[in-house]
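Novice: Supplied in structure tokens, the structure appears directly below.
Read-outs: derived from the displayed coordinates by stated rules, not from any lab. What you are looking at is a predicted structure, and each value in this text was computed from that prediction instead of being measured. Quick reminder, even Gly has a Cβ in these numbers, built from the backbone with ideal geometry, and neighbours come from all protein chains shown.
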């Protein structure tokens, strides 16, 4: 047992003592969690290759099993053979396919080909082929002739009634495939059978029966069409004669006489329209002259102006006389006064002439009024006559419409008769030829196939192998994507923001037993396992810029190896010559005392409760490591671990030791580790390789962050080196086997060789 450490009095309630770690180092490494971004989970081509590489044997196994099963199934599958017959449908040569074509002509090529396809698929043609080849006696088509199978012996004989003929036809049609060849008038008739010769025979027989059926159909169609056309021609001749006679009778009864193709009423209306136009023009001219003269008379000097525009010889003579008198008056006005008898006489003559002109103008205006009245009366008379003719013409038009309808009917009957006569002559001339020539010819007869159409073994085998390989790869990627833990330090740093302190390999000896790392570092200090623990502690020192004095080791869940790692690091540092103390603070589930084979009590709890005046520290005989066990059980250890007594204990032991390692409870089980993390220099978070879920680790980090503790980083434990190397993350695990000579003085001992071999 090592020297006892004096326990400080519980009366001291000061601030928790600081170890040799600088405050700068503590602040720089406060726990923080990085939120993963989408890029953190991006999968590159190299990663995809790595996934396939590390799961290659599973993929190969799936492909081999699928290939084996596929081969067995294909070997047991009865092969089927398909024989094809090609037929050319020349619908353009068809003359009498049916009665409708007699009137409308031939159907389009596409419609004709599709119609013949349906004929080839018909049950009637199938039944004829079955009858010719006696397929009802063939067990392939008649299930009643097949021997009873295993299912029949178990479930009883099948219900095979009297409709066996229909079932044979159904079985025939199931094996028949008729399809038009796109872009042509060729039809492909393919028949499938277990016998290649039978397949060719049935396909050819089907084509022959189809040709025979078409010839019979054409013969019957030609006969029926010839009879129908003959009857129809006679009916049309009677209709033409009757319709022409109806036209002549109606024209005669209606009095619709024609002169050079025009009726008499129409000629009269044309003449009367010409006269009416002239009368309207004369009336308009007379009215215009009358309005002009009347407007001039009403003006101040209207009479004189009106007389000038009137073409009257009398008015012209009177105007000349008036002009002479006016000149005489002008000559005598200077010689005689206005009262002179000669002047009075001249004025009297002048007035008489003016009155004469006015009277003549009034007489002319009266004549013009008469002319207007006469022109208007003639216009009205012509208009009345035209109206009468229009009424007569309307009655005549109704009859003309009836006449034209009768003429059109007669013309249609004549055209239909001409068409029927032409068609009748065509049918009569080609009847014998068409009844002996089919519109279909076989351009390629079926031959017995040498290779089965089903199953296509190379194709099916290749597809199954390809699909099984693809499904295996997909399953591998799904499995990898569902992996909730961390596979490498790279993932830890990317998804949490913590420093990856390395990994502790899972050491399995030749007997298949998992070696205890805490013991292994003592027996094999140069091993890879021992080196991993030293590397983890060295990485912790780098995160702080100096060696920590107090160190908490915890995990998120139990069973992740925190206790063994704590003991292993403590033993490694003790073997390196440092004065080291290991404190088991996991009082809820203590385990250090069992690993070093010591008593549980007294221990840490007894010291914190004040039951011990000195810390009951025991010594690890293998390494001279000092250990403070957990002590007696207590209901809730959190108040003790978060007490001033714990602060004082750490302050005292920190001055006496180079390193104090504390094994704390799991973070998800209790808050003890959070309380301890803020009292020490740094904390190491243990993460079990692959097993610990990422969300659990992130939650644990957030707990430590809220407590204000410093996290040096995360350490992966129980790493299967061989599997880890397959991940190809580029860390030391990928090259573990090639570095074996660095893990012992003489290369490797037996158990280290076993560990290295697992990495290959």
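Novice: With a 10 Å radius around each residue's Cβ, average the other Cβ atoms per peptide and rank 83-90, 276-283, highest first. The partial results should precede the final answer.
Specialist: Values: 83-90: 20.8, 276-283: 15.4.
The packing order, highest mean first, is 83-90, 276-283.
Novice: Taking 0.36 nm per residue of separation and subtracting the Cα-Cα distance, what length does fully extending residue 374 through residue 295 add? All intermediate terms of the calculation are to be shown ahead of the outcome.
Specialist: On the way: separation 79, 0.36 × 79 = 28.44 nm, distance 2.16 nm.
The residue 374-residue 295 span can extend by a further 26.3 nm.
Novice: A further question on this structure: How much length is gained if the chain between residue 652 and residue 227 is pulled fully straight, taking 0.36 nm per residue apart and subtracting their Cα-Cα distance, in nm to one decimal?
Specialist: Full extension of this stretch gives 140.0 nm more.
Novice: For each of 216, 371, count neighbouring Cβ atoms within 10 Å of the residue's Cβ, then give the residues from fewest to most.
Specialist: Ranking 216, 371 by Cβ neighbours within 10 Å, fewest first, gives 216, 371.
Novice: Also: Order by neighbour count: 425, 722, fewest other Cβ atoms within 10 Å first, most last. Present the calculation step by step, with values, prior to reporting the outcome.
Specialist: On the way: 425 11, 722 19.
Fewest-to-most ranking of 425, 722: 425, 722.
Novice: To continue, here is another question. Counting other beta carbons within 10 Å of each Cβ, put 477, 537 in order, fewest first.
Specialist: Least crowded to most crowded, the residues run 477, 537.
Novice: Moving to a separate point now. Distance from the Cα centre of the stretch 524-602 to that of the stretch 158-218, in angstrom?
Specialist: Here the answer is 85 Å between Cα centres.
Novice: Right, another one. Round to the nearest 0.05 the FRET efficiency obtained for residue 217 and residue 177 when R0 = 35 Å and r is the Cβ-Cβ distance.
Specialist: Result of the calculation: an efficiency of 0.90.
Novice: How far apart, in nanometres, would the label points at residue 453 and residue 385 be if each is projected 7 angstrom from Cα along the Cα-to-Cβ direction?
Specialist: It is 9.3 nm.
Novice: Follow-up. Could you check what % of the DSSP bridge pairs in the stretch 486-720 are antiparallel, to the nearest 5?
Specialist: 15 percent
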